[in-house]
Amino acid sequence: MFFQFLDPFKFDPTRHLDENGNFIKDDRITPFSVGKRACLGESLARMELFLFSATFFQHFEFLPENDGEIPVEEYEPGLVKSPKAFKVRAKERH
Ligand code: HEM
């Protein structure tokens, strides 16, 4: 079955949360696969990703290359939809 989020181009992490702010588990999103051959490193990977990104955003603020110019939303063609390369400035927070 094909499935598409409502308003898929909108950055809206709240689509994955219920009214109490808890994560809604969705079997259609399985980055670590499911079943017998599912990823053995899932909990380690989740923990590392959390620590890595939290530390990153704690220490840096990310800004467009030129103030007020948000990069255009363009994607590389392919199996996985990835954004075309763009530059950002990482400014240390203090
Ligand atoms: C973001 C990080 C990761 C993602 C997205 C990921 C994703 C996956 C996926 C999709 C599979 C299943 C592949 C298949 O269907 O054959 C898999 C298998 C596996 N992953 Fe990961 N993985 C991640 C990190 C890790 C880490 C950190 C470890 C170990 C420390 C790990 C260990 C394994 C192992 C051992 C398997 C094979 C399981 C089996 O076939 O019985 N992975 N992973």
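The values are calculated or read from the model by the stated rules, or taken from the named source; none is laboratory data. Everything numeric here is computed off the predicted structure, so don't read it as measured data. All Cβ positions, even for glycine, are placed from backbone atoms using ideal geometry, and neighbour counts span all protein chains on display. These accessible areas exclude ligands, DNA and RNA; they are computed on the full protein's heavy atoms, side chains included. Shrake-Rupley method; radii C 1.70, N 1.55, O 1.52, S 1.80 Å.
Of (1) under 24 Å from Ile29 (Cβ atoms); (2) of a type outside the set (S, T, N, Q); (3) modelled with pLDDT of 95 or more, Tyr75 satisfies all except one. Which?
So Tyr75 meets the others, but not (3).
Just give me the residues in the range 1-43 being within 16 Å of the ligand (Cβ to nearest atom) and outside any loop (DSSP other than H, G, I, E, B), in sequence order.
Glu42, Ser43
Name the residues in the range 50-93 that are more than 23 Å from Lys10 (Cβ to Cβ) and either part of a helix (DSSP H, G or I) or within 15 Å of the chain's Cα centre (by Cα) (or both), would you?
Across the range 50-93, the qualifying residues are Phe50, Leu51, Phe52, Ala54, Thr55, Phe56, Gln58, His59.
Which condition does Phe32 not pass, out of (1) out of contact with any helix residue (DSSP H, G or I) (no Cβ under 7 Å at 6 or more places or on another chain); (2) open to solvent by less than 60 Å² (accessible area, probe 1.4 Å), if it passes all the others?
The single condition Phe32 does not satisfy is (1).
Considering the range 44-85 alone, what residues qualify as being open to solvent by less than 90 Å² (accessible area, probe 1.4 Å), aliphatic (A, V, I, L, M) and within 15 Å of the ligand (Cβ to nearest atom)?
Selection gives Ala45 alone.
Kindly establish whether Ala45 is of a type in the set (Gly, Ala, Ser) and without any contact (Cβ under 8 Å) to a residue 24 or more places away in the chain.
Taking the combined requirement at face value, the residue satisfies it.
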